[in-house]
Amino acid sequence: MRDDGQILDRALSLHNKGDIAGAAKLYRRVIKANPGHLQALHFLGVAEAAAGNIDSARSLMRRSLQSSTVNVQFIENYAAILHRAGEHEELIGLCQRGLQSAPTSVILLHASAAVLLAQGRYPDAIARLKLLVAHHPAHVPAYVMLGSAHAKSAQHDAALGFYDHALRLNPQLAEAHLDKGTIHFNERRFQDALAAYDDALKVRPDLAEAWLGRCLTLTQSGRHDEALAAADGALRLRPGFAEAWVGRGNALLDCDRPDEAASAYDRALAIQPKLAAAWSGRGNVLLRSGHHLDADAAFTRALAEDSGFADAWIGHGKALLALGQHESALAALDRALARNPRLPQAWLARGQVAYLLKRYDDALTAWEKTLALSPDQPGVAAACLRIRQHLCDWMGFETACEAARSSVRSGKTIAPFMFIAIPSTPAEQMQCAQAWIESNFRSAGAPVRHSERRDRDRIHIAYLSADFHQHATAQLTAGLFEHHDRSRFEVTAISVGPNDHSDMRRRIEAAFERFVEAKPLGENQIADMIGDLEVDILVDLKGYTQDARTGILAKRAAPIQVNYLGFPGTLGAGFVDYIIADRIVIPEHEVDCYAEKVAWLPDSYQPNDRNRPIADTALVRSEHGLPEAAFVFCCFNDNYKITPIMFSCWMRILLAVEHSVLWLFEDNPAAANNLRREAATAGVAAERLVFARRLPNAEHLARHRCADLFLDTLPYGAHTTASDALWSGLPVMTCLGDTFASRVGASLLQAIQLPELIVTTMADYERLAVALAHDPARLAGLRQTLARHRLTTPLFDTARFTNHIEAAYAEMMDRHRAGLAPGHIRVAAAAASAGATAQKAAEPETSA
């Protein structure tokens with residue numbers, strides 16, 4: 001009989017030739033004869049591991065290591081088994097034991113580093129790997145692992161250095177190229193990321209992860225069609241790649257194809273139901289379509305699956321913002337930024353929340369960080385400019401305005417409501433609105449839900465607004481809603497804003513035949529509901545102002561859609577048919593600067609409620625901080641409407657009118673401080689600026705009587721604030737500008753028949769203000785004229801105004817029923833006063 005040594009040699013020979021079963025049989029024979037034979041125990045363990053019997057292998061190999069003599073080969077082999085079994089703690093201890101005897105063992109250094117890396121112990125892993133490459137400088141996997149450890153430690157430059165070292169040793173490492181792409185992507189170096197992903201694909205064209213990397217990078221770069229193609233490339237290689245379905249959904253959503261995006265996210269969830277990115281994608285689709293509650297539920301589910309997923313925290317924050325939960329939105333966005341402070345979308349959303357909370361310094365900080373991370377965003381730069389306008393911080397004002405105008409002229413996207421307060425032309429404002437539509441509503445205007453012509457006794461009008469509460473728009477329109485002729489018009493409110501339970505809210509609810517609470521609904525749902533209600537004319541009272549739901553109009557919810565009142569300019573959209581105006585705010589020669597056809601009313605386009613109460617309070621100037629004997633110039637416009645040119649003009653007026661003061665609205669303390677400083681620089685004592693805080697509306701109207709003359713602003717003038725002043729008996733002086741927003745004051749003064757308070761140059765503005773302050777009799781005459789005209793001229797004649805706008809609606813409907821395209825409408829005052837329909841547009845049908 002052969003001895004154990006011969007049998008073991010034969011077993012090892014069979015083992016090396018791949019006959020594992022034969023070798024194992026001989027190992028067992030040796031162990032049967034000698035149960036403590038360490039080599040037989042060890043190599044039988046190796047054989048058992050090869051056969052997949054890990055528990056048996058571990059038991060045998062543990063026994064083989066019970067000798068006081070360290071066998072490094074045994075330890076290295078057992079380390080490999082433990083690594084396969086995921087037994088990290090035992091593996092670490094084993095490697096420590098082996099390294100005491102063999103401190104340069106490649107296998108033990110590599111295995112222990114891999115465990116440390118898997119456990120997230122990055123500094124320890126880096127130390128172990130550096131020891132490995134010090135002894136084995138050509139060990140390529142160590143450099144790859146060093147790259148990974150540094151990347152996971154956010155030491156990106158060092159990581160790139162180690163990946164490059166690995167690639168110099170072996171340029172065919174596709175995964176190293178892939179990891180480099182991920183680092184560049186996270187650092188927002190998108191061109192470098194694309195180059196790295198392309199390098200990976202040159203080595204391995206079938207590497208689906210590299211195609212996905214290209215998709216995500218191209219999406220962030222705004223190259224959405226290419227991103228979609230890259231996602232499809234990944235899915236051709238691996239149809240069950242859930243993350244690639246998410247990438248496809250992201251690209252589709254950015255292409256404004258939300259239904260297809262939703263399908264892609266659903267495919268991802270069918271493959272991987274707990275994939276946080278897919279739940280977050282669904283949330284983004286729901287958020288885009290106005291389903292804010294459902295969107296928040298999707299983001300919450302994403303966070304339940306991965307509480308550290310920053311994109312889901314961003315989505316959660318945006319949903320909470322849309323739901324009006326501002327403080328909670330800030331907390332969610334801060335969670336995203338704690339996870340990754342280099343997320344421009346998180347800073348952008350954080351700035352939006354802070355802006356709505358009037359925390360202007362916080363908003364400016366957030367938006368400046370957005371620009372630092374993603375510089376080519378003229379819309380964010382314009383938002384920063386608006387913040388500085390709120391703060392009356394005019395450093396670099398002219399340069400920033402020109403940059404915004406240049407961006408608009410070159411087709412860049414800026415929010416129209418941010419742009420409208422910048423000195424600009426009607427043509428530029430049209431370009432701005434059109435670029436906004438192109439960017440946000442690419443698929444708009446598709447199906448017209450109600451193209452059929454219907455004949456009914458009454459025209460069904462629906463007013464869409466988020467401002468059916470104590471709001472300036474409600475103050476203007478409440479009387480209009482109440483005066484509609486119910487024998488000719490069915491009138492519905494579609495409310496997409498909050499219910500503040502105010503007296504104004506109750507009044508407006510009572511004014512409509514039907515009041516629909518639609519805030520929680522998505523845009524498709526609201527559009528379908530408007531269709532089910534058989535609305536003929538949908539009047540949007542928001543435009544591009546806060547809480548606008550332009551997407552409802554983009555769904556073509558009604559056969560006739562009208563832009564009115566909320567936004568003083570064009571929406572630039574092919575899916576909006578008309579804008580209601582007058583010949584002052586939109587002169588006929590400027591109709592080409594409006595995407596809509598114009599319905600010109602004969603007096604002012606602005607409605608007014610002649611039943612607005614004014615508090616019956618004693619007029620004591622000192623209670624408002626005003627000197628009793630001074631001439632009081634007044635402007636209660638928002639601070640952001642004050643420009644450096646306007647303020648300089650005011651300061652010259654104050655210097656020319658001794659002991660006069662300027663009474664301004666205080667939106668925020670920083671603005672007041674900045675204006676005082678600017679006044680002092682202009683040689684005007686800071687105390688000659690007096691600031692007014694917010695008051696309930698009736699009291700606010702009453703305090704106008706403490707002023708002598710209201711000074712309008714340019715280029716964004718007084719709208720509701722001018723009506724407030726005139727209703728309160730305070731003369732308003734305005735300078736006629738070039739844009740809708742700069743001509744409203746003139747429209748109101750013309751309607752109340754005080755054209756002598758309209759000037760056309762800033763020099764005339766300054767001269768007239770000084771002249772009126774020095775001529776008490778002339779100013780008193782103007783006050784008397786205003787008092788006489790207040791209830792006898794068109795401006796505050798709510799019934800007359802309602803007849804005019806109803807005539808415009810009737811003409812819109814007549815054209816539609818006749819199968820005519822929308823055309824310009826000119827309402828004749830006499831006909832409208834008699835309740836007749838509008839005068840036909842005197843233009844060829846081909847120009848309609």
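Quick look at the numbers
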| item | result |
| --- | --- |
| Of residues in the stretch 176-209 being among the basic types (Lys, Arg) and more than 29 Å from the chain's Cα centre (by Cα), the one surrounded by the fewest Cβ atoms within 10 Å (Cβ to Cβ) | 202 |
| Residues of the stretch 210-261 that turn out to be crowded, with 24+ Cβ neighbours inside 10 Å and without any contact (Cβ under 8 Å) to a residue 12 or more places away in the chain, as a count | 0 |
| Some residue of the stretch 805-823 being within 22 Å of residue 746 (Cβ to Cβ) and either at pLDDT 95 or above or not aliphatic (A, V, I, L, M) (or both) | yes |
| Breaking point among (1) in contact with a helix residue (DSSP H, G or I) (Cβ under 8 Å, 6 or more places away or on another chain); (2) assigned to a helix (DSSP H, G or I); (3) not acidic (Asp, Glu), for residue 714 | (2) |
| Flag if residue 267 is more than 23 Å from residue 528 (Cβ to Cβ) and surrounded by fewer than 21 Cβ atoms within 10 Å (Cβ to Cβ) | yes |
| Count - residues of the stretch 726-780 that are under 29 Å from residue 801 (Cα atoms), without any contact (Cβ under 8 Å) to a residue 24 or more places away in the chain and of a type in the set (Gly, Ala, Ser) | 2 |
| Selection from the stretch 452-492 of residues that are in a strand (DSSP E or B) and either farther than 16 Å from residue 560 by Cβ or of a type in the set (D, E, K, R) (or both) | 465, 490 |
| The stretch 278-295 - residue that is surrounded by fewer than 24 Cβ atoms within 10 Å (Cβ to Cβ) and over 15 Å from the mean Cα position of the chain (by Cα) and, of those, farthest from residue 498 (Cα to Cα) | 294 |
| Looking only at the stretch 727-746, and only at residues there that are among the polar types (S, T, N, Q) and in contact with a helix residue (DSSP H, G or I) (Cβ under 9 Å, 6 or more places away or on another chain), the one that is farthest from residue 610 (Cα to Cα) | 739 |
| Residue count, the stretch 387-433 (criterion: of a type in the set (Gly, Ala, Ser), within 21 Å of the chain's Cα centre (by Cα) and in a loop (DSSP other than H, G, I, E, B)) | 3 |
| Residues (surrounded by fewer than 21 Cβ atoms within 10 Å (Cβ to Cβ) and either part of a helix (DSSP H, G or I) or at positive phi (or both)) located in the stretch 652-677 | 652, 655, 656, 659, 669, 670, 672, 673, 674, 676, 677 |
| Residue that is nearest to residue 339 (Cα to Cα) [pool: residues in the stretch 172-195 that are among the aliphatic types (A, V, I, L, M) and part of a helix (DSSP H, G or I)] | 183 |
| Any hit, the stretch 596-611, residues being modelled with pLDDT of 95 or more and either surrounded by fewer than 16 Cβ atoms within 10 Å (Cβ to Cβ) or at positive phi (or both) | no |
| Some residue of the stretch 155-171 being within 20 Å of residue 211 (Cα to Cα), without any contact (Cβ under 8 Å) to a residue 60 or more places away in the chain and not in a helix (DSSP H, G or I) | yes |
| Within the stretch 278-365, helices (runs of 4 or more DSSP H) holding 2 or more residues that are touching a residue at least 40 places away in the same chain (Cβ under 8 Å) and closer than 25 Å to residue 265 by Cβ | 292-305 |
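The values are calculated or read from the model by the stated rules, or taken from the named source; none is laboratory data. These figures come from a predicted structure and were not determined experimentally. All Cβ positions, even for glycine, are placed from backbone atoms using ideal geometry, and neighbour counts span all protein chains on display.
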